[in-house]
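One structure is given here, and the rest of the page talks about it.
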Amino acid sequence: MKYPSFNVKEFLIPEFTLDSGKMIRFWVQIVPEKENQTDGYWGVKKIFEIIENYNSQNLGVKIHLCPGKLKMSLFDFIKPIKVGQYLDKLYGQKSIKIKNDLKAFNIKPEYTLRKMGRADQKLLSIICGIGQNDRVAFDFYGFAPDTEVKLLKYLQRKLNEGKSLLSFDNMEYKDKTIDQMNIENLIIKRA
């Protein structure tokens, strides 16, 4: 899947190609340079809207968007659901593999969903999304450095299985040593 360069308000998204077994990691200029500019989180939300619009056009290739927080119904607050029950309900037999993947992040099946922190909910969302889809988009915002290291190891395994990933992170935290063969780092800056 090849995408041309385009603008989202003042942000320039560079041209990129999303291949099987490859991750595009966009490093977004979050902090505004001028008073009248929006923050970079707005830009990423807008890019997710563009992906949703693309997905709704039924062109055959869809990119699954991992929400930052799990959607729970009112019933989930009345009768709290455990992670294991949630996975079994959504994925049936496939939930066994997802539960195993979650062990690396210390997310246990007996944890109550609504009591989980935002970072753990986001990890659950990402791991479920990657477990069920070939092309996935998500963001790294809010993860502690050690969680990010574990997540990158997990993502490398999934890339080796042929998954295609789009991710977003804060450019202020970009480390020059993170370039890897199957992860392409691109910058999203204000034009």
For Phe140, solvent-accessible area (1.4 Å; no DNA, RNA or ligand), Å²: 0 Å²
task: Tabulate in residue order the Karplus-calculated ³J(HN,Hα) for the range 129-145, using 6.51 cos²θ - 1.76 cosθ + 1.60 with θ = phi - 60°, rounded to whole Hz; enter x for Gly and Pro.
output: x, 5, x, 10, 9, 8, 10, 9, 10, 7, 10, 8, 4, x, 8, 5, x
message: 5 Å is the cut-off here: which amide hydrogens, built 1.01 Å from N in the peptide plane, fall below it relative to Val28, excluding neighbours closer than 5 in sequence?
response: Asp169, Asn170, Met171, Ile188
message: Given a 1.4 Å probe and heavy atoms of the protein chains only, how would you sort Tyr141, Tyr54, largest accessible area at the top?
response: Tyr54, Tyr141
message: Going by amide H atoms built from the backbone, whose H comes under 5 Å of the H on Ile81, apart from near neighbours?
response: Leu113, Arg114
- request: Determine the share of the chain's accessible area contributed by carbon and sulfur atoms, expressed in whole percent, with a 1.4 angstrom probe.
  value: 52 percent
- request: Please work out how many pairs of lysine residues in the range 144-191 are eight or more positions apart (or on different chains) and have Cα atoms closer than 26 angstrom.
  value: 13
task: Please list, in chain and number order, the residues 5+ apart from His64 or on another chain whose amide H is under 5 Å from its amide H, with Hs placed from the backbone.
output: Arg135, Val136, Ala137
- line: Placing each pseudo-label 7 Å from Cα in the direction of the beta carbon, Tyr54 and Asp19 end up separated by a distance in nanometres of 1.7 nm
- request: Measure nothing fancy, just the Cα-based angle from helix 40-56's long axis to the longest principal axis of the chain, in degrees from 0 to 90, nearest 10.
  value: 70 degrees
message: Let's see if you can work this out: charge +1 on each Lys and Arg Cβ, -1 on each Asp and Glu Cβ, no other charges. What is the dipole magnitude of the chain about its Cα centre, in debye to the nearest 20?
response: 720 debye
- prompt: Can you give the accessible area per residue of the range 1-127, in Å², using a 1.4 Å probe?
  reply: 59 Å²
query: Can you pull the accessible area of Thr147 for me, 1.4 Å probe, Å² to the nearest 10?
result: 30 Å²
message: If each DSSP helix of 4+ residues adds -39,500 (n - 2.57) and the sum is divided by the residues in the chain, what number results at 222 nm, nearest 500 deg cm²/dmol?
response: -11500 deg cm²/dmol
Pairwise label distance in nanometres, Leu186 with Lys45, each label 7 Å out on the Cα-Cβ vector: 2.3 nm
field: 3J(HN,Hα) from dihedral phi, the range 110-122, Karplus parametrisation 6.51/-1.76/1.60, rounded to Hz, x for glycine, proline
entry: 7, 5, 7, 3, 5, 9, 6, x, 4, 5, 5, 4, 5
task: Return the sequence-ordered ³J(HN,Hα) values of the range 164-169 in whole Hz as given by the Karplus equation 6.51 cos²θ - 1.76 cosθ + 1.60 applied to θ = phi - 60°, using x for Gly and Pro.
output: 10, 10, 10, 9, 10, 8
Inter-label distance, nm, simple model (7 Å from Cα along the C-beta direction), Arg157/Lys79: 3.3 nm
task: Loop only per DSSP, at most 14 neighbouring Cβ atoms within 10 Å: give me the GluC sites (Glu not before Pro) in the range 128-191, ordered by residue number.
output: Glu161
- prompt: So what's the projected area for the range 24-179, the Cα convex hull averaged over all directions, in nm²?
  reply: 11.2 nm²
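The values are calculated or read from the model by the stated rules, or taken from the named source; none is laboratory data. Remember, predicted model here, so these are calculated numbers, not experimental data. Glycine gets a Cβ as well: all are built from the backbone with ideal geometry, and neighbour counts include every protein chain shown. For accessibility, only protein heavy atoms count, side chains too; no ligands or nucleic acids. Shrake-Rupley method; radii C 1.70, N 1.55, O 1.52, S 1.80 Å.
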